[in-house]
Amino acid sequence: WQVGNYKRTVKRIDDGHRLCNDLMNCIHERARIEKVYAQQLTEWAKRWKQLVEKGPQYGTVERAWCAFMSEAEKVSELHLEVKGSLMNEDFEKIKNWQKEAFHKQMMGGFKETKEAEDGFRKAQKPWAKKLKEVEAAKKAYHAACKEEKLAISRETNSKADPALNPEQLKKLQDKVERSKQDVLKTKEKYEKSLKELDNATPQYMENMEQVFEQCQQFEEKRLRFFREVLLEVQKHLDLSNVASYKNIYRELEQNIKTADAVEDLRWFRANQGPGMSMNWPQFEEWSADLNRTLSRREKKKASDGVTLTGINQTGDQVSQPNKHSSSLSVQSNTVQSVQSSYNPFEDEEDTGSTVSEKEDNKIKNVSSYEKNQSYPTDWSDEESNNPFSSTDANGDTNPFDEDTPPAMEVRVRALYDYEGQEQDELSFKAGDELTKIENEDEQGWCKGRLDNGQVGLYPANYVEPIQ
């Protein structure tokens, strides 16, 4: 009720406009979080789906594992829908309501603020004017009282002074009399103005409350609107009531429960175990072309075409029965796939460990090989052609002596796991150290020696020099 205290109510209107901006910023940040989360789910699903598909897991358990990636993709879509609802519906609704509720003026500020300010000022102006008169009358009355007291004090002191003449004493007594009359006049005026102020107070209160109620109604609209918007935001964020969201996890549970260990073991036995078809060895006539062996450098050399004869699949590899000898014309890369179970120089993405490094450097050794990786099947109890079966492996003789110039021995460290695919190749794990004894040839192979004395070939790009 004090003069000027209505400004707090007027300021609430400006605060309402600012709170609309704050709520929009709040929703916008949440929408951005939903978008980022959806993107991260999609990236996670894509990366791990590739790792699982290229990894050694198989069968129904693999499908159950991959179901998590499908769940992530579907949940990602739902969170993108949440983001769209927050921005396209809730954000825009607040923005439009703010624009309709608050009208900016040419000179700054809002029309609603100015109307409230003018209403309060108009309602308070008459009462404030009378209050000012009361304050002035009060000040005059208090000054007259002070003057009266001072005059009485002077008169009292003069009576005790024998040197003071009667004229001066009379003047002091007249001063006291005038002061008393001034006190009566100012007191009467003060009481009158105060009475007028009291009479104007009920009308003042009524007018002020009328303007205040208008402000209350305006604020009530904003508060109710905020509650409505917050409820809509809650509905958009609450995925637990979305039927499709529940179906995602119901389907995920069903996919996991379909994982059958017995079925997977049966599949592995039929496709990778004793149940595989086998081309058992049978008598074959000697052929000069059949017994011709290709050197490693001939295998790696690019050519337009090579004719192979007598290609037989042995071991646990699937083959067509009753085909003991055949002739096939293939490109050089096909020759490499036949002669060697896998070529580390074809594409780094063919190995699971390299894929995991490229996808995420933090994930290592998730899958060191692919599920379809083939394994060498050549073996013999008497490896007469194995240069490592005798004392040669200890370095007495070097089975790799060729016309290439000798190189300085250099210590190197393995970057990746490598499993030797042929008898003259080394096998090592990532982090193992070995000695390079011959520089890289034109086909990308180096000759090295392990710490146990074994000598053989290895891919040059699988190691790095030790600094």
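The values are calculated or read from the model by the stated rules, or taken from the named source; none is laboratory data. Predicted model only: the values in this text are computed from it and were never measured. In this analysis, Cβ positions are derived from the backbone assuming ideal geometry, glycine residues included, and neighbour counts consider all displayed protein chains. Ligands, DNA and RNA are excluded from the accessible area calculation, which covers all protein heavy atoms including side chains. Shrake-Rupley method; radii C 1.70, N 1.55, O 1.52, S 1.80 Å.
The order of His236, His28 by accessible area, most exposed first and with a 1.4 Å probe, is His28, His236. Residue-wise HN-Hα couplings along segment 435-448, as the Karplus relation 6.51 cos²θ - 1.76 cosθ + 1.60 with θ = phi - 60° gives them from phi, are 10, 7, 10, 8, 5, 5, 8, 5, 8, x, 10, 10, 9, x Hz; Gly and Pro carry x. Backbone geometry of segment 10-19 corresponds, through the Karplus equation with coefficients 6.51, -1.76 and 1.60 at θ = phi - 60°, to 3J(HN,Hα) couplings of 5, 5, 4, 5, 5, 4, x, 5, 5, 5 Hz, x marking Gly and Pro. Backbone geometry of segment 62-67 corresponds, through the Karplus equation with coefficients 6.51, -1.76 and 1.60 at θ = phi - 60°, to 3J(HN,Hα) couplings of 4, 5, 5, 5, 5, 4 Hz, x marking Gly and Pro. Arg154 exposes around 120 Å² of accessible area when a 1.4 Å probe is run over every protein chain in place. In the assembled protein chains, Arg32 presents an accessible area of approximately 120 Å² (probe radius 1.4 Å). Amide H to amide H distances under 5 Å link Val463 with Leu415, where only residues 5 or more positions off or on other chains count and H is placed in the peptide plane. Placing unit charges on the Cβ atoms only, positive for Lys and Arg and negative for Asp and Glu, gives segment 33-110 a dipole magnitude near 220 debye about its Cα centre. Of Trp1, Trp445, Trp65, the residue with the largest accessible area leads and the full order is Trp1, Trp65, Trp445 (1.4 Å probe). Straight-line reach from Lys436: taking Cα to Cα under 17 Å and skipping same-chain neighbours fewer than 8 places apart, the lysines in range are Lys447. Could you pull the accessible area for Arg18 with a 1.4 Å probe, rounded to 10 Å²? About 130 Å², ignoring ligands and nucleic acids. The 1.4 Å probe gives accessible areas that order Phe212, Phe225, largest first, as Phe212, Phe225.
Of interest is the spacing of the C-alpha centroids, which for segment 96-169 and segment 181-247 amounts to 28 Å.
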